[in-house]
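Below is one structure; the comments refer to it alone.
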Amino acid sequence: MSTETVAIIDYGSGNLHSAAKAFERAARESGCDARICLTADPDVVAKADRVVLPGVGAYADCRRGLDAVPGMIEAMTQAAHGAGRPFLGICVGMQLLASRGLEYAITPGLGWIPGDVGPIQPADPALKVPHMGWNTLRPARDHALLAGIPTGEDGLHAYFVHSYALIPENPDDVVARAYYGGPVTALVARGNIAGTQFHPEKSQRLGLALIANFLHWRP
Amino acid sequence: MLKTRIIPCLDVKDGRVVKGVRFEGLRDAGDPVEAAKVYDAAGADELCFLDITASREARGTLLDIVSRTAEACFMPLTVGGGVRTVEDVRALLLAGADKVAINTAAVKDPDLVARAAEKFGAQCIVVAIDAKRVSPPGTPAAWEIFTHGGRDPTGIDAVAFARLVAEKGAGELLVTSMDKDGTRSGYDLALTRAISDAVTVPVIASGGVGGLDDLVAGVAQGGASAVLAASIFHFGQATIAEAKAHMAAAGLAMRLDSPASSARTPL
């Protein structure tokens with residue numbers, strides 16, 4: 001098997017070295033021959049074998065950052081929809097897969113996983129927002145990205161930090177939820193496109209296992 | 001279910017951990033990155049660096065530490081100390097901090113919190129509130145914000161300030177009792193509770209931990225979402241695992257995942 005290129009899109013959204021190191025470590029530990037590439041070059045993204053869209057910050061600001069790189073959205077679209085490459089959005093990168101975000105202003109997303117990104121409103125008013133910290137996952141269906149990862153109340157934990165969450169129009173797009181005064185979408189997937197609300201690069205064991213699963217994913 | 005977080009805090013000055021960290025086998029007790037790796041392997045839920053370097057020129061040293069920590073540790077990192085502008089916040093986030101704590105600058109200009117939250121999202125903006133009790137015994141409790149390590153009074157009511165910065169967009173409040181800090185006599189639970197009840201964002205209890213029961217009380221009585229401690233962890237009085245086990249035994253929901261992804265430890 002030849003070396004695969006994994007493009008992590010760098011569009012000024014911060015903290016990508018940590019993500020790159022996590023992908024490198026997951027590749028090494030899972031015996032995956034992958035070249036992890038932090039890039040702002042649309043050509044690299046369009047030709048990559050796998051694409052990761054991270055995102056930290058406010059929705060509109062991330063969208064602006066993505067738009068500010070000429071040709072990047074076209075390159076992402078080519079990789080994900082033209083070539084059918086495995087595509088992973090992380091945190092706001094996952095939220096950008098939605099139709100639109102409602103944080104501060106209504107901002108269009110990519111519309112790849114139709115739905116809105118709206119504020120978390122726990123039923124119990126004593127629950128704090130942001131949903132911040134370590135929570136367990138409850139799978140809605142089987143998925144390769146969760147293979148071998150202990151889930152449920154006694155399972156491993158994922159690190160969340162967000163005030164807004166994606167609610168897909170089609171519930172079948174939800175792979176796993178966290179519970180925080182009600183369901184919170186944690187992992188979505190449609191075909192070769194997936195996204196995590198939590199931060200796998202900050203989620204220690206669960207995170208490295210999920211990244212390894214992504215690197216081996218053949219959707 | 002969301003778990004209560006335990007956050008070891010390292011005070012960093014000129015690139016070195018203040019007073020050092022006493023772990024068996026640690027090559028360099030003063031290296032913040034080495035200490036961070038140990039806490040990552042030990043299962044800490046987050047890590048906090050507070051930079052107490054006086055000079056502005058040494059900022060690059062802090063950014064380097066943050067960057068090396070983020071590359072070595074797959075756990076969330078909050079960094080505070082000397083953050084004055086939106087650009088300071090951006091530099092720390094780009095270096096690899098997950099959250100940035102603003103202290104004095106938020107007291108001087110609460111709108112800085114709003115500008116930073118709008119730019120980077122509320123989830124990564126922490127406001128660090130240092131407060132002292134100013135009410136005489138026998139009167140209703142009141143706390144005042146102090147800056148510069150507890151030296152300078154501001155005349156600002158701590159609970160009202162907490163409400164204000166939460167409205168401005170702070171995603172979390174790090175509440176330190178300057179009366180309790182360093183005393184090892186437990187958190188100021190009334191302060192923690194008063195602020196936790198006043199805001200909808202998570203509160204981190206800080207200042208005064210002397211034993212594991214203090215961590216339990218910070219959550220059970222103080223209403224904190226996370227507990228921060230320094231010396232009990234740095235000087236080996238308790239491990240993160242012991243603290244978690246103690247808190248779980250007291251009925252708190254804790255993350256008890258075995259921490260490292262492999263058998264390899266950073267030592």
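The values are calculated or read from the model by the stated rules, or taken from the named source; none is laboratory data. Just so it is clear, the model here is predicted, and its values are computed rather than measured. We place every Cβ from the backbone using ideal geometry, glycine too, and count neighbours over all the protein chains shown.
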Query raised in the report: When B:Ala166 is evaluated against the numbered criteria (1) within 22 Å of A:His162 (Cα to Cα); (2) buried (at least 23 other Cβ atoms within 10 Å of the Cβ), which criterion, by number, is the only one it fails?
Result: (2)
Query - Among residues of region B:158-192, those that are under 12 Å from B:Trp143 (Cα atoms) and of a type in the set (S, T, N, Q), counted - result: 3
Report task. Quickly run through region B:43-85 and pick out the residues that are away from chain A (no Cβ under 11 Å) and part of a helix (DSSP H, G or I). Result -> B:Arg56, B:Glu57, B:Ala58, B:Arg59, B:Gly60, B:Thr61, B:Leu62, B:Leu63, B:Asp64, B:Ile65
**Report entry** Any chance A:Arg177 is at pLDDT 95 or above, surrounded by fewer than 24 Cβ atoms within 10 Å (Cβ to Cβ) and out of contact with any Pro (no Cβ under 6 Å at 6 or more places or on another chain)
**Finding:** no
Query raised in the report: What number goes with the only condition from (1) closer than 27 Å to B:Thr192 by Cβ; (2) crowded, with 18+ Cβ neighbours inside 10 Å that B:Pro137 does not pass?
Result: (2)
Report task. Report yes if B:Leu174 is surrounded by 24 or more Cβ atoms within 10 Å (Cβ to Cβ), of a type in the set (A, V, I, L, M) and within 30 Å of A:Ala58 (Cβ to Cβ), otherwise no. Result -> yes
Query raised in the report: Does region B:101-111 contain at least one residue that is within 12 Å of chain A (Cβ to nearest Cβ) and touching a residue at least 24 places away in the same chain (Cβ under 8 Å)?
Result: no
Query raised in the report: Residue check: is A:Asp142 outside any loop (DSSP other than H, G, I, E, B), more than 14 Å from chain B (Cβ to nearest Cβ) and out of contact with any strand residue (DSSP E or B) (no Cβ under 7 Å at 6 or more places or on another chain)?
Result: no
Query - Any hit, region A:148-166, residues being over 27 Å from A:Asp49 (Cα atoms), more than 11 Å from chain B (Cβ to nearest Cβ), crowded, with 24+ Cβ neighbours inside 10 Å and in contact (Cβ under 8 Å) with a residue 40 or more places away in the chain - result: yes
Query raised in the report: Taking region A:119-147, which residues are farther than 27 Å from B:Thr4 by Cβ, over 16 Å from the mean Cα position of the chain (by Cα) and touching a residue at least 40 places away in the same chain (Cβ under 8 Å)?
Result: A:Ala147
Report summary line: Here the residues within region A:170-219 that are under 20 Å from B:Ala72 (Cβ atoms) and among the aliphatic types (A, V, I, L, M) are A:Leu206, A:Leu208, A:Ala209, A:Leu210, A:Ile211, A:Ala212
Query raised in the report: Which condition number in (1) out of contact with any Lys or Arg (no Cβ under 7 Å at 6 or more places or on another chain); (2) touching a residue at least 40 places away in the same chain (Cβ under 8 Å) is the one that A:Asp172 fails?
Result: (2)
Report task. Output the residue which, of all residues in region A:119-132 that are buried (at least 17 other Cβ atoms within 10 Å of the Cβ) and part of a strand (DSSP E or B), is farthest from the other protein chains (Cβ to nearest Cβ). Result -> A:His131
Report task. Could you list, in sequence order, all residues of region A:167-219 that are among the charged types (D, E, K, R) and within 14 Å of chain B (Cβ to nearest Cβ)? Result -> A:Arg177, A:Glu201, A:Lys202, A:Arg205
Report summary line: The residue that is nearest to the chain's Cα centre (by Cα), considering only those in region A:170-201 that are under 25 Å from A:Arg218 (Cα atoms) and in a loop (DSSP other than H, G, I, E, B), is A:Gln197
